[in-house]
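Participant: Here's a structure for you.
The values are calculated or read from the model by the stated rules, or taken from the named source; none is laboratory data. Note that the structure is predicted; figures quoted are calculated from it, not measured. Cβ coordinates were reconstructed from backbone atoms using ideal geometry, including for glycine residues, and neighbour counts include every protein chain displayed.
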Amino acid sequence: MKSFKQSLRRCVLPLLSATLLSASAQAEIVLLDRIVAIVNDDVIMQSELDNRSAVIRAQLSANQTRLPSEEILNRQVLDRLIIDSIQLQIAQQQGLKISDSQLNETLEQVASRNGMTLAQFREALIAEGQDYNSAREQIRDELLLTQVQQSSVNRRIRVSEQEVQNFLASEQGQSAISPDYLLSNILVAIPEQATPRMLGSAERKALDIFEQLRKGADFAEAAVANSNAQNALNGGDLGWRKASELPEVIATIAGTLAPGEFSKPVKTSSGYIIVQLRDKRGGQSALVEQTLVSHILLKPTEIRNEVQTRSGIEDLAVRLRNGEPFDQLARQYSDDTVSGSLGGDLSWTQDGQMVPEFEQVMKNTPNGQISTPFESRFGWHILWVRDRRTQDMGDEMRENRARFSIRQRKFNEELTTWLREIRAQAYVELKI
């Protein structure tokens with residue numbers, strides 16, 4: 001909560017302004033703002049209610065949604081302001097904060113999604129008559145609301161291993177983990193009462209198309225020129241499909257292809273089909289490149305400044321080049337106490353687990369080699385790439401997706417319960 005806002009809200013009486021009228025100096029009392037609700041240690045002002053209602057009204061109009069009466073809209077908005085106030089007070093009690101850097105990063109993402117720079121986004125808001133600083137603080141509050149909900153609700157949720165396995169075995173779970181295929185097809189149709197001669201002619205045509213494709217013909221062009229399917233003029237494009245959404249024969253063919261491959265002609269009840277798998281996502285296997293890596297970390301401290309830290313890491317690099325054991329130096333000098341106690345071992349890592357600077361050096365360091373010193377936001381590192389492998393993480397990723405799906409469902413259910421509880425426990429006094 002902002003100190004100015006709190007000092008303003010904690011006024012017992014509404015703010016009043018006296019305006020001098022005429023030569024007689026008669027004073028007329030003009031109402032500038034007033035309290036519409038007291039919520040625990042906070043208050044909600046009429047100006048806040050009016051401003052939020054105006055924003056909601058504009059959003060509904062932009063979406064061509066019929067507006068409720070002003071009374072109903074204001075009641076809905078006030079209920080939302082009350083529950084937001086309760087959550088923000090809980091966030092304050094828990095010591096949760098959104099830093100300026102976090103806020104700026106979010107604002108840049110919002111601007112980017114709208115095809116703007118942050119400066120352009122700011123100018124666009126001002127051009128629409130909105131106060132940029134108010135919009136900025138509103139986004140900070142929304143981030144804080146998300147943070148307090150995650151903090152308070154997640155601790156109430158437990159996902160058992162049995163729930164994960166039950167989900168994976170269910171129809172919903174099977175659908176969630178089945179692969180998506182990006183497919184195209186070519187159909188050489190045959191009549192319902194096809195003669196052997198007709199069948200032979202269709203087969204020869206399909207084989208001729210297949211041979212053209214093998215020699216490098218474009219699949220989409222071949223579909224436009226030869227396919228009898230409804231999607232022929234789209235280059236045979238079937239789009240992204242779940243295996244469960246496909247005819248069994250096409251799903252079976254797709255499961256045998258690698259992205260970019262196409263099948264031999266296959267006879268179906270409709271004719272001879274050739275299927276191309278253009279891309280694939282999800283599914284049972286997930287091959288991941290992993291690196292077995294160790295590191296030594298030195299970071300500046302109260303007794304070792306930046307220059308001394310860099311000098312220290314360079315001295316360790318010299319000692320490593322002279323043949324001193326990496327694990328021994330890591331145990332003795334590394335400021336990463338967890339990995340340092342293990343001789344610098346970080347075990348098998350993969351993309352996304354380390355900071356960008358670390359991952360870049362790790363990728364560029366040959367297998368079995370030790371890197372030169374480099375800096376990240378954590379300090380100065382030396383790393384040792386001990387081995388590399390390709391690992392199928394399919395089972396682990398499927399379980400993680402199942403666990404996430406279950407947790408998300410429980411979170412939505414538990415959030416409703418939690419909001420109801422904190423609203424019931426709060427002191428709320430309406431002034432309108």
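Participant: Kindly establish whether Leu257 is touching a residue at least 40 places away in the same chain (Cβ under 8 Å) and of a type in the set (A, V, I, L, M). Outline the logic, then answer.
Facilitator: Numbers: touching a residue at least 40 places away in the same chain (Cβ under 8 Å): no; of a type in the set (A, V, I, L, M): yes.
No: the conditions fail for Leu257.
Participant: Going through Gly129, Gly115, Gly173 one at a time, which residue ends up being outside the structural domain of Ala62 (by TED's automatic domain parsing), of a type outside the set (A, V, I, L, M, F, W, C), in contact (Cβ under 8 Å) with a residue 12 or more places away in the chain and farther than 30 Å from Ile422 by Cα?
Facilitator: Gly173
Participant: Only one of these is at pLDDT 85 or above, surrounded by 16 or more Cβ atoms within 10 Å (Cβ to Cβ) and polar (S, T, N, Q): Gln147, Gln138, Gln162, Gln120. Name it.
Facilitator: Going through Gln147, Gln138, Gln162, Gln120 in turn, the sole match is Gln147.
Participant: Among Ala194, Ala225, Ala217, which is surrounded by fewer than 16 Cβ atoms within 10 Å (Cβ to Cβ), among the hydrophobic types (A, V, I, L, M, F, W, C) and either in a helix (DSSP H, G or I) or touching a Pro at 6+ places or on another chain (Cβ under 7 Å) (or both)?
Facilitator: Going through Ala194, Ala225, Ala217 in turn, the sole match is Ala225.
Participant: Now, a different point. Identify, from the list Asn154, Asn133, Asn166, the residue that is of a type in the set (S, T, N, Q) and over 30 Å from Glu105 (Cα atoms).
Facilitator: Matching residue, one of Asn154, Asn133, Asn166: Asn166.
Participant: Would you point out the residue of the stretch 48-80, among those that are of a type in the set (Ser, Thr, Tyr) and under 30 Å from the mean Cα position of the chain (by Cα), that is surrounded by the fewest Cβ atoms within 10 Å (Cβ to Cβ)?
Facilitator: Selected residue: Thr65.
Participant: Next up: Taking only the stretch 322-343 into account, find how many residues are of a type in the set (A, V, I, L, M) and surrounded by fewer than 12 Cβ atoms within 10 Å (Cβ to Cβ).
Facilitator: Result for the stretch 322-343: 1.
Participant: Trp384 - would you say it is surrounded by 13 or more Cβ atoms within 10 Å (Cβ to Cβ), touching a Pro at 6+ places or on another chain (Cβ under 8 Å) and part of a strand (DSSP E or B)?
Facilitator: no
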